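The values are calculated or read from the model by the stated rules, or taken from the named source; none is laboratory data. A quick note: this is a predicted structure, and the numbers were derived from the prediction, not measured. Cβ coordinates were reconstructed from backbone atoms using ideal geometry, including for glycine residues, and neighbour counts include every protein chain displayed.
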Amino acid sequence: MKFFVCIKQVPDVYAPLQIRDGEIHQDSDRQVLNAYDASAVEEALVLTEKHGGRVDVILAGPEKAHETIRKALAMGAEEGIHLQTESTSGQDSASYAHLLATFVKEKEFDVLSFGKQAQDTDSGLTGAMVAQLLDLPYTTNAVGLAIEGDHLIVTRQGDIGQEIIALPTPCVVTCSNDMNDPRIPTLKGIMGSKRKPVEVVQASSLHGTSLASGFTGEALTHTTSFESMPARKAGEKLQGEADEIARQVAKILSEKTGVFS
Amino acid sequence: MDDRFDCIIVGGGIAGLSAALTLAKADKSFLLIERGEFAGAKNVSGGVLWGQDLAKLVPNYWEEDQAGWERFITHRRLSFMDDQSSLSIDFKSVHLANPPYTGVSVLRSKFDNWLAGKVEEAIAAGTKSMESFIATNILVEEILMEGDTAVGIRAGEEEFHANSIILAEGVNNLLTRQVGLQDKYVPADHMLTGVKEILRFDQKILEDRFQLQGMSGMSNEFVGFATHGVEGGGFLYTNRDTISIGLVLGLKDLREKKKKPYDILEHFKAHPVIADMIRGGESVEYSAHVVSSGDARVIPAKLYKDGVLVCGEAANLLLNAGKAIQGMDYAMRSGILAAETVIIASEKNDFSEQVLCGYQKALDDSYIMKDIRNFQDAVHLLHDPVMYSKVPNLLCDFGRKFFTISNEPSKKASQLMKESIREHSSLWEMAVLGFKGSRAL
Amino acid sequence: MNPFLTVIPVQNQSLKRASLEVLSRTVELANEKGTTADVLLLGAQPETFSQLVASHGADRVFLVGNSLLNQHLNTPLLKAILMAIDSIHPSLVSFASNESTKDILGALSAALGSPALPDVASFWIEGDKVCVKRPVMAAKILANVKALFPNSGQKKPVLVSVRSGSYEVVERAGRGEKNVLEFAFDEGTLRQTLREVVKATAGTVDLAEAEVIVAAGRGVKDDEGKRLISELASLFNAGIGASRALTESGAYDPSVQIGQTGKVVSPQLYFAVGISGAIQHVAGMSNSKVIVAINKDPDAPIFEVADYGLVGDLYQILPALIQEIKAIKG
Ligand SMILES: Cc1cc2nc3c(=O)[nH]c(=O)nc-3n(C[C@H](O)[C@H](O)[C@H](O)COP(=O)(O)OP(=O)(O)OC[C@H]3O[C@@H](n4cnc5c(N)ncnc54)[C@H](O)[C@@H]3O)c2cc1C
Ligand SMILES: Cc1cc2nc3c(=O)[nH]c(=O)nc-3n(C[C@H](O)[C@H](O)[C@H](O)COP(=O)(O)OP(=O)(O)OC[C@H]3O[C@@H](n4cnc5c(N)ncnc54)[C@H](O)[C@@H]3O)c2cc1C
Ligand SMILES: Nc1ncnc2c1ncn2[C@@H]1O[C@H](COP(=O)(O)O)[C@@H](O)[C@H]1O
């Protein structure tokens, strides 16, 4: 099967960060492959290693995002497609979805996979948007994938349990990181990644093309500022003998919460 | 793909990256391998990179927007502390404020990552862009030997070969030992442990508090109370909107005195003089790492053999003679020198000892080995218990008397100094120390 | 201003508290703006709940009944909602954020050309804009995001989904005017097939509804640990959750994972037992009213969000705690 995996470059969420004048400042401008997308790449590689086929990755982002494409190529993807944007600012899931959909519309593939969400925006919209724009069957939050003939069998983590859903190809799926542990590229993989092709497409060339719905490539939402989370009040730390602290906390909880009745 | 590189560099710290940048500019093919998830991920350092080598490696680095460094040092202070006071030698000068600066504070995870970016740029600009790599998240487990010649590396199942190998693996130099270059047994007693905390401030508050202009910064070293009676010293450096504060402590002394580095750091931070400087800072990171002692006795006698060179702290190149810790600048210069030797070797197509010995010669002729030799007495003096107990105590005692104006007849400074010395030590002890000190520095 | 609509899918004949939270907030805003607060109930027999939503302020209750909607499947749900939006012309559509909503929100946005604001912690209206605060960067910080209201008449409502625990449930009488919407769905057009739903949580307490949750982390090492967790949970009829460390190892079912990848919960009382408090875990439980953490590492980050941090070995503390609670409960 032919997989296209959409991958996003995101700032490292573990790097210390603070907010000044409503803007995010990170100590380092280190950017990484979105963890959920790494799982999507891994799963596509595992499936094609087993059933044959190939995995290409698509990324929309600025020039610097090239290094993230290389990371996926080092893992084992065959070709990268870089939809090059001026910058990341002013974009949202809708504007990226329009770019991605416009690009893949003309291409042949069996499975178009996504991460379930981007770690920086935590939106979780793009996959289903693209599916809708291309009118493809889809499912989100996959925790397991399998191939049966020309069907993709998705185990989806739903609200009450796991749903087993069969999708005819071509289809769209968004992946949870619960489905696997993405491989760490080997030296050979890292070295090989430099020789693999990366097609660069200027995002501006895809703009304006109107797809079936009202999406035109414009962002529909606008992030105006950032602020700190209202901190939970620093609590009490109880230290000492197990019996003693258990007694203390049981007493407090029975007095302060309504859950003992 | 032919897998034979001109050089394989083990370690993406300052030494390894400096070597890589030098090789990339000379258009040599190399593979740099770092075990951390990215260059800098595993690196702890208090952080002032001294000297001007950075400007040679990355010309005009100060003009960059998103550069990896924090502040250039224009204000230096060496403080002697007792439990209540500190007496400092303080030097501030605008002559330090012109690029190329002579010291910049850095946060390693950011700096190393930035420097790695420079290496990538240099690779891309050369003709070996398809043959040179930085590989992260990979641990080199073994140096492959053919007889007594190093010929490659093994990482997991993978083996790669090169004409030369530069070991830049840092203080925990397992591979240097494996190839037999760390010939001397290094007892843990010869090592120190460095602990560091990063405290974050509002940038404006930080700049006001330390009187910083633009990107200028200050560095402060501490002797005495800082270490709570344990061999070592303290430091405080300003970054953009954080300060790095920490201690370097003797492992043996810590063990014997049954003290924990973290407790001593808390103790240090509670000192009234320090508490004033760090008030309101939010702790964002705490880390600890082993540091070489700077004792010339643990530096391997030979830093090369057929096919391999050792640089940076892997070779125990470090100096801490009281006025600063110099480990990063040594790592940078030795990395450059090692790479330059590899470049010469590849031109001669001879990677044997006969050519690689040029590295050691270059190192011997550089400020690194000259300083290490010249300041050995200072290193030993600094580890003398007198230096972190009696000396700071008597200096602070003197300071207290000298600066206290009590509407009583004042004594002359020389008289006060004598009194302080008598109280905390003896004239003889201090005379000996003074003599040793002036010779050592 | 066109009506505000709250969409409530009713699966397996249950309506979740989180939906009433969103409804309460939407009704409040509709009152503020002087527009109607509508509810769209979708399910096999949605009318069962029309009284309930009316008593939480719904002016009009639209009912779409179809047995296909009894279980979650995106295509019929999406079609039903699009059909309803087409007849109601809302300017704002709100949802409780759960896996069901996450499955369709993007598609709905693309089908309508509407802005979507997923997983918000709060939302309000300023002039011609819908404003929200939503956690981003693994829920380390909040982003202020805005979307423009459509001009009236345009079929492009702003879509908002709200994290559970963000608003209080408020009872207030609404008109509760019932409207049944015809929804015929041709199953033949369904491209995907739902083969089965594996409910590992059958018979246990639903985490989304639980007043009390006992969550286990890697510190819970063995069957004895799991037994202690179950025993503590049984005292409160609590839901049992787990960190990714334990769902990944297979010790607990993936459906009880709490956090960024798993569920967002907001109980009255949350016990984090042997959980370190990684940002991705905290992202899923920081809306809990009271958090009690048990961890032997005094520097564990979980203590930064816990109201009561018990420092010690869970194998010693849990038995003691269970005994104390039993004693209090008599
Ligand atoms: C608390 C503290 C404060 C300090 N303050 C200062 C200061 O202010 N000024 C100063 O000049 N110096 C300071 N130093 C010393 C300085 O940090 C070191 O001397 C310097 O980092 C040495 O650089 P290096 O490149 O040789 O080694 P390192 O920076 O240690 O880099 C070695 C790299 O090799 C990698 N590595 C190791 N083994 C392998 C392997 N087998 N495979 C792959 N990768 C491997 C490591 O992950 C690491 O990234 C301080 C040190 C500490 C601990
Ligand atoms: C993209 C992404 C998404 C993720 N999503 C989620 C998510 O949804 N949910 C989630 O939980 N994680 C998630 N994670 C994983 C998360 O980062 C952590 O790895 C995970 O939460 C760790 O689980 P833990 O706290 O149980 O284990 P650990 O971090 O190993 O902590 C175990 C704790 O138990 C304590 N302990 C050990 N023994 C005892 C004892 N006897 N008594 C008391 N205390 C003891 C230890 O001190 C330690 O603090 C995600 C990660 C990524 C990258
Ligand atoms: N700029 C982008 N380039 C490629 N894929 C993207 C981009 N933005 C989002 N995606 C994909 O869409 C998923 C969900 O993103 P989001 O809707 O922003 O949370 C990600 O995990 C990626 O798979």
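Assorted remarks:
- When each of C:G127, C:G106, C:G165, C:G174 is tested for being surrounded by 18 or more Cβ atoms within 10 Å (Cβ to Cβ) and either over 20 Å from the mean Cα position of the chain (by Cα) or not assigned by TED's automatic domain parsing to the domain that holds C:L52 (or both), the lone residue that passes is C:G174.
- Residue list for region A:241-261, filter: more than 8 Å from chain C (Cβ to nearest Cβ) and either surrounded by 16 or more Cβ atoms within 10 Å (Cβ to Cβ) or at pLDDT 85 or above (or both): A:E241, A:E244, A:Q248, A:E255
- Applying a threshold of 7 Å to beta carbon distances and a minimum spacing of six or more residues, or different chains, the list of pairs starting in region A:26-55 at a residue that is among the small types (G, A, S) and ending at one that is within 16 Å of ligand 1 (Cβ to nearest atom) reads A:S28/B:S109; A:S28/B:K110; A:S28/B:N113.
- Scan region C:277-316 for residues that are under 21 Å from C:A238 (Cα atoms) and either in contact (Cβ under 8 Å) with a residue 12 or more places away in the chain or of a type in the set (V, I, T) (or both) and the total you get is 25.
- For region C:112-159, a residue qualifies if it is more than 8 Å from chain A (Cβ to nearest Cβ), touching a helix residue (DSSP H, G or I) at 6+ places or on another chain (Cβ under 9 Å) and assigned to a loop (DSSP other than H, G, I, E, B), and the qualifying residues are C:K155, C:P157.
- Identity of the residue in region B:66-104, charged (D, E, K, R) and touching a Lys or Arg at 6+ places or on another chain (Cβ under 6 Å), that ends up farthest from B:P272 (Cα to Cα): B:E70
- The one condition from (1) farther than 20 Å from B:N173 by Cα; (2) away from ligand 1 (no atom under 14 Å from the Cβ); (3) more than 14 Å from chain A (Cβ to nearest Cβ); (4) at pLDDT 90 or above that B:D53 does not meet is (2).
- Any hit, region C:223-233, residues being surrounded by fewer than 24 Cβ atoms within 10 Å (Cβ to Cβ) and of a type in the set (V, I, T): no
- In region A:18-34, residue modelled with the lowest pLDDT [restricted to those that are within 16 Å of ligand 2 (Cβ to nearest atom) and not β-branched (V, I, T)]: A:R30
- The residues of region B:249-262 that are surrounded by fewer than 24 Cβ atoms within 10 Å (Cβ to Cβ), in contact (Cβ under 8 Å) with a residue 12 or more places away in the chain and closer than 18 Å to B:Y388 by Cα, listed by number, are B:G250, B:L251, B:K252, B:D253, B:L254, B:K257, B:K259, B:P261.
- Checklist (1) among the aliphatic types (A, V, I, L, M); (2) touching a Gly at 6+ places or on another chain (Cβ under 7 Å); (3) more than 8 Å from ligand 1 (Cβ to nearest atom) applied to B:A15, failing item: (3)
- Region B:203-239: number of residues that are among the charged types (D, E, K, R) and either under 24 Å from the mean Cα position of the chain (by Cα) or within 22 Å of B:I89 (Cβ to Cβ) (or both): 3
- Options C:S24, C:S50, C:S55; residue that is over 30 Å from A:A101 (Cα atoms), within 16 Å of the chain's Cα centre (by Cα) and surrounded by fewer than 21 Cβ atoms within 10 Å (Cβ to Cβ): C:S24
- B:D208 vs. criteria more than 14 Å from chain A (Cβ to nearest Cβ), among the charged types (D, E, K, R) and without any contact (Cβ under 8 Å) to a residue 40 or more places away in the chain: yes
Every residue, every condition in (1) in a helix (DSSP H, G or I); (2) of a type in the set (A, V, I, L, M), yes or no:
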residue	(1), (2)
C:I8	no, yes
C:E21	yes, no
C:L29	yes, yes
C:Q51	yes, no
C:A58	no, yes
C:L63	no, yes
C:L77	yes, yes
C:A80	yes, yes
C:M83	yes, yes
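- Taken as a whole, the condition of being within 16 Å of ligand 3 (Cβ to nearest atom), touching a residue at least 40 places away in the same chain (Cβ under 8 Å) and in contact with a strand residue (DSSP E or B) (Cβ under 9 Å, 6 or more places away or on another chain) does not apply to C:A272.
- In region C:259-284, of all residues being touching a Gly at 6+ places or on another chain (Cβ under 7 Å) and hydroxyl-bearing (S, T, Y), the one that is surrounded by the most Cβ atoms within 10 Å (Cβ to Cβ) corresponds to C:S266.
- Of all residues in region A:94-112, those satisfying the criterion of being touching a strand residue (DSSP E or B) at 6+ places or on another chain (Cβ under 9 Å) and either in a loop (DSSP other than H, G, I, E, B) or within 16 Å of ligand 2 (Cβ to nearest atom) (or both) are A:K107, A:E108, A:F109, A:D110.
- Selection from region A:124-152 of residues that are more than 22 Å from C:T261 (Cβ to Cβ), facing another protein chain (nearest Cβ under 7 Å) and part of a helix (DSSP H, G or I): A:Q132, A:L133
- Under the condition of being facing chain A (nearest Cβ under 7 Å), at pLDDT 90 or above and farther than 18 Å from C:L20 by Cβ, the residues counted in region C:198-213 number 1.
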